[in-house]
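To start, the structure itself, in structure tokens.
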Amino acid sequence: MDYQKLKEEIIIYSKEIGIDKIGFTTADTFSEMKNRLIRQAELGFQSGFEEPDINKRVHPEQIFPEPRSIISIAIAYPSKMKDAPQSKRGERRGIFARASWGTDYHVILRDRLKQLEEFINSKVPEVVTKSMVDTGELADRAVAERAGIGWSGKNCSIITPEFGSYVYLGEMITSLPFEPDTPMEDRCGACNKCIDVCPTGALVAGGQLNAQRCIAFLTQTKGFLPDEFRTKIGNRLYGCDTCQTVCPENKRKDFHFHPETEPDPEIAKPLLKPLLSIGNREFKEKFGHVSGSWRGKKPIQRNAILALAHYKDETALPDLIKVMKEDTRPVIRGTAAWAIGKIGGQEAAAELHLALEAENDQEVINEIRKGLQLQEASQ
């Protein structure tokens, strides 16, 4: 079997099916990544969303019988939204991170990987493959880095010369011995812009992220957001792009190659107040196709409440008061109480006092008291 010829055919076919970049690497142990992951665990910097078994993340042979190579793919996504609606008084809007614009990237990449698998299978019927995207055992970025897709930036993203860091990544383990590509040289140099501007100091060093402080992670949690982060979240509903937007390598990088990655402006940048009362069915119908919906509506609603507090949107007080009084979920009631206090005013103070008398949940009571303190401090 001429594997070099097959590799060239795969590269050509990948372009035909809408894969923007493809690379090949060995199925050897990801030794450097293993040391990094062990250190992350020791420091308590993990998000908890990862595959818990570090060995599975760095030893391909533990998840695949006799692996011979790994194919890494990348698909570019837009960094700018066409016809983006404006956020204005009375009609404040939140924002989903760019990686959650358009159709869920898991769906997009799995489709491309499936087509690639079928193509390889048509050439080598006895081939064995296993594809994964994000939620698989392997670390997408470690595979992409070793396969020459890009270098691992100080912002912990894979940065490609062609598309910057605005790329989705996926990989396929195979039983075929493809010649590996050469990893790319790190181009970050002395630049520390991403570290310097991280809103919460989550980037503790180049290539080292404390996920517990990362806004992208925090927007996906379901509990009360710790006080220190509530004023940092801004109008973010899901994810954070700050460490990407400041990166010099992303300057003037904006690609609209794939219709399914294009955002619907009303979904990527939705009105905040309607989110407070959206039902499960409507949420699923409207947002179910984007990756930012994977944790359900609760984190999005909590973040919408914090965004209204960020804007100090007085027109949202009736909506927030209704939530504080009627929502059955303590996290949502309590966050609304805090937001009401942050917005402030006489009506806010009166409603918070009434809520304090009626509330039975201790955590919500604590939030109401925080709201009252904020309200008093603003006078």
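Some points to look at:
- Just one of the listed residues (Glu363, Glu351, Glu367) is farther than 26 Å from Glu266 by Cβ, touching a residue at least 60 places away in the same chain (Cβ under 8 Å) and crowded, with 20+ Cβ neighbours inside 10 Å, namely Glu367.
- Flag if Asp196 is surrounded by fewer than 20 Cβ atoms within 10 Å (Cβ to Cβ), of a type in the set (Asp, Glu) and within 19 Å of Glu50 (Cα to Cα): no
- Whenever a residue of the range 83-99 is under 24 Å from Lys253 (Cα atoms), its partners that are polar (S, T, N, Q) and modelled with pLDDT of 95 or more, lying with C-beta atoms within less than 7 angstrom and at least six residues away or across chains, give the pairs Gly94/Asn235; Gly94/Asn303; Ile95/Asn235; Arg98/Ser79; Ala99/Ser291.
- All conditions in (1) aliphatic (A, V, I, L, M); (2) in contact with a strand residue (DSSP E or B) (Cβ under 7 Å, 6 or more places away or on another chain); (3) crowded, with 16+ Cβ neighbours inside 10 Å hold for Leu271, with the sole exception of (3).
- Only residues that are buried (at least 19 other Cβ atoms within 10 Å of the Cβ) and assigned to a loop (DSSP other than H, G, I, E, B) were counted across the range 158-177, and they come to 4.
- Elements of type helices (runs of 4 or more DSSP H) in the range 1-82, at least 3 residues being more than 21 Å from Cys243 (Cβ to Cβ), more than 23 Å from the chain's Cα centre (by Cα) and at pLDDT 90 or above: 3-16
- All conditions but one from (1) surrounded by 15 or more Cβ atoms within 10 Å (Cβ to Cβ); (2) modelled with pLDDT of 95 or more; (3) more than 16 Å from the chain's Cα centre (by Cα) apply to Gly207; the one that does not is (2).
- Of the residues screened, Ile120 is not one that is in a strand (DSSP E or B), over 15 Å from the mean Cα position of the chain (by Cα) and within 24 Å of Ile12 (Cβ to Cβ).
- Looking only at residues of the range 274-285 that are in a helix (DSSP H, G or I) and not hydrophobic (A, V, I, L, M, F, W, C), we find that the one that is nearest to Ile95 (Cα to Cα) is Pro274.
- Every pair of residues 6+ apart whose Cβ atoms lie under 9 Å, when the first sits in the range 181-192 and is crowded, with 16+ Cβ neighbours inside 10 Å while the second is charged (D, E, K, R) and not in a loop (DSSP other than H, G, I, E, B): Asp181/Arg146; Pro183/Glu145; Pro183/Arg146; Met184/Glu145; Cys188/Glu249; Cys191/Glu249
- Count of the range 83-100 residues which are out of contact with any Phe, Trp or Tyr (no Cβ under 7 Å at 6 or more places or on another chain), assigned to a loop (DSSP other than H, G, I, E, B) and not aliphatic (A, V, I, L, M): 7
- Any hit, the range 250-268, residues being more than 21 Å from Leu109 (Cα to Cα), of a type outside the set (Ser, Thr, Tyr), touching a helix residue (DSSP H, G or I) at 6+ places or on another chain (Cβ under 9 Å) and assigned to a loop (DSSP other than H, G, I, E, B): no
- Subset of the range 229-249 that is part of a loop (DSSP other than H, G, I, E, B) and out of contact with any strand residue (DSSP E or B) (no Cβ under 8 Å at 6 or more places or on another chain) - its residue that is surrounded by the fewest Cβ atoms within 10 Å (Cβ to Cβ): Thr231
- So Ser131, is it part of a strand (DSSP E or B) and either surrounded by fewer than 20 Cβ atoms within 10 Å (Cβ to Cβ) or more than 20 Å from the chain's Cα centre (by Cα) (or both): yes
- Of the residues in the range 91-107, at least one is within 30 Å of Glu314 (Cβ to Cβ), more than 22 Å from the chain's Cα centre (by Cα), surrounded by fewer than 19 Cβ atoms within 10 Å (Cβ to Cβ) and at pLDDT 95 or above.
The values are calculated or read from the model by the stated rules, or taken from the named source; none is laboratory data. No experiment lies behind these values; they were computed from the predicted model shown. No Cβ is skipped: glycine too gets one built from the backbone with ideal geometry, and neighbour counts run over all protein chains shown.
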